[in-house]
1. In terms of the ratio Rg/(2.2 N^0.38 Å) built on C-alpha atoms, what value belongs to the stretch 100-200?
2. Which of 259, 208, 80 moves the most in a Gaussian network model of the chain with Cα springs under 10 Å?
3. Taking every pair of alpha-carbon atoms in the stretch 12-132, give the share separated by more than 21 Å as a whole percent.
4. Want the number for residue 14 to residue 38: 0.36 nm per residue separation, take away the alpha-carbon distance, what's left?
5. To one decimal place, what Kirkwood hydrodynamic radius in Å is obtained for the stretch 177-284 from all pairs of distinct Cα atoms?
6. Taking 1 over the mean of 1/r across every pair of different Cα atoms in the stretch 11-242, what Kirkwood radius in Å do you get?
7. Where does each of 141-149, 286-294 land if you order them by average Cβ count within 10 Å, highest first?
8. Hey, how many Å between the Cα centroid of the stretch 85-120 and the Cα centroid of the stretch 135-162?
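Read the figures in this text as sums done on the coordinates, not as results from a lab. Not measured: the values here are computed from a predicted model. Cβ sites come from the backbone with ideal geometry, for glycine too, and all protein chains shown count toward neighbours.
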């Protein structure tokens, strides 16, 4: 694939489906800042994006089962009947894998959410058909579910699947789309080509916070970066759909923020999000989860410049 082929794939005037992975904020006692979390969910919905909770941005690998359930309760209350997505996380648990997934899916559905299945290291290095069969059995009879393909730069339970696995996942009727987080444009473009060939209605949600212009090539998005300012992402999407040249400056400003927030170590982007949202007065502290990596003391200064560029301060 050469550059002419890549840039020839741009899909102008396309309506974008946007999702924001909601940050889980904390107070100065390291407790979930519940009111602020609910406000973030409502802000996202009001902007026209779908909130995704108990994701990597919500510390899915660090919070307890009880905290995950509490997040679902708070999200249902904040959403008030509107759509949301929630992570089905089974890493580190023993027992039958299909039953573990089905238990998580069942709880998410009881709270009114749509499940997105996190990967588990238990399916690393196993035959492709075993991965596909596990997912097919886990979502059998479910009205709607999503899959989550996560690079290990984000979490050790993640894995970039083979084409055989991705094909199999796309062929499961209950799975309506997948989030792809390789941070590799070429791999994502291959996912889009495969989707176009075998199931055009299947959604590819980019998780590439370092390449948010993947929407131009046919991806939708489910981004941790979108929790920094769902309204600005929604504005960008409208400008793209309208063919408005104002899209360019706003997309550049959002990508600048993404490049700073998602620099190495990448998992520390969650602390960057907390710093940014605290800077905007949306959450009570800039604290990240006690077991999550942190950013330096000067983080607020570089993110302040991003907020000013986005006309948020």
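1. Relative to the 2.2 N^0.38 Å estimate, the stretch 100-200 comes out at 1.04.
2. Maximum among the listed residues: 80.
3. On the way: 2992 of 7260 pairs.
The share of Cα pairs beyond 21 Å in the stretch 12-132 comes to 41 percent.
4. Working: separation 24, 0.36 × 24 = 8.64 nm, distance 3.04 nm.
Full extension from residue 14 to residue 38 adds 5.6 nm.
5. Details: mean 1/r = 0.0684 Å⁻¹.
When all Cα pairs of the stretch 177-284 are included, the Kirkwood radius is 14.6 Å.
6. 17.7 Å is the Kirkwood radius here.
7. Values: 141-149: 18.6, 286-294: 16.9.
Ranking, from highest mean packing down: 141-149, 286-294.
8. Using only Cα atoms, the two centres lie 10 Å from each other.
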